Amino acid sequence: IVAIDGVGSSHGLHEHTAVWQVQVKGHKMWHFMPPSTPMTLGQRTRGGSPLVHGQPFEHPNGCAFLKKVAPPAGSTRCLAGPGDMIIMPANWVHSTCGLSEFTAAAGGWLHGDEWIRDGQPLAYLGTSLARVRELVAKGS
């Protein structure tokens with residue numbers, strides 16, 4: 001997997017099999033929702049939207065969570081910078097937002113569900129929102 005994005009680029013909310021990804025350049029914000037999150041298509045199908053309070057979530061773009069609307073209830077966020085690795089189990093609904101002019105990451109697919117700790121994907125969780133706003137303002 002190679003992911004190259006720019007500031008404001010987003011991969012909307014989606015899910016797939018387990019992956020790992022190392023951020024090589026720039027900063028990227030991730031939002032995660034657990035596999036128990038209900039989806040609009042009534043099943044774990046790519047292309048569905050998460051249901052929040054029984055309604056399809058209307059803002060699938062991960063960058064919208066930083067400036068326009070709060071992320072869905074029950075979601076977790078994580079800021080990835082150069083050298084940080086995200087390990088995400090299968091079926092976690094997630095989105096990303098490029099915070100730097102140029103971001104680059106590389107990774108691959110994993111098998112099994114051993115990539116969970118305390119019910120969360122192995123990642124740097126709980127990034128300070130003030131730090132995110134600082135990076136967004138700098139565009140770095």
> Of all residues in segment 82-115 being in contact with a Phe, Trp or Tyr (Cβ under 9 Å, 6 or more places away or on another chain) and part of a loop (DSSP other than H, G, I, E, B), which is nearest to Gly6 (Cα to Cα)?
Replying inline: Asp84
> Out of curiosity, is Pro89 closer than 20 Å to Trp109 by Cβ and surrounded by fewer than 18 Cβ atoms within 10 Å (Cβ to Cβ)?
Replying inline: no
>> Yes or no: segment 22-36 includes at least one residue that is of a type in the set (Ser, Thr, Tyr), open to solvent by 10 Å² or more (accessible area, probe 1.4 Å) and more than 25 Å from Val2 (Cβ to Cβ).
In response: yes
> Out of (1) modelled with pLDDT under 85; (2) open to solvent by less than 70 Å² (accessible area, probe 1.4 Å); (3) of a type in the set (Gly, Ala, Ser), what's the single condition that is false for Gly47?
Replying inline: (2)
>> Quick test of your reading of the structure: Pro38 fulfils all but one of (1) within 18 Å of Ala105 (Cα to Cα); (2) in contact with a strand residue (DSSP E or B) (Cβ under 7 Å, 6 or more places away or on another chain). Name the failing condition by number.
In response: (1)
>> Given (1) open to solvent by 30 Å² or more (accessible area, probe 1.4 Å); (2) of a type in the set (A, V, I, L, M); (3) out of contact with any Phe, Trp or Tyr (no Cβ under 8 Å at 6 or more places or on another chain), identify the lone condition not met by Ala64.
In response: (1)
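The values are calculated or read from the model by the stated rules, or taken from the named source; none is laboratory data. Treat the numbers as computed from the prediction; the structure is a model and nothing was measured. Backbone-built Cβ (ideal geometry, glycine too); neighbour counts: all protein chains shown. Quick note on the areas: whole protein, heavy atoms, side chains included, nothing else; ligands and nucleic acids left out. Shrake-Rupley method; radii C 1.70, N 1.55, O 1.52, S 1.80 Å.
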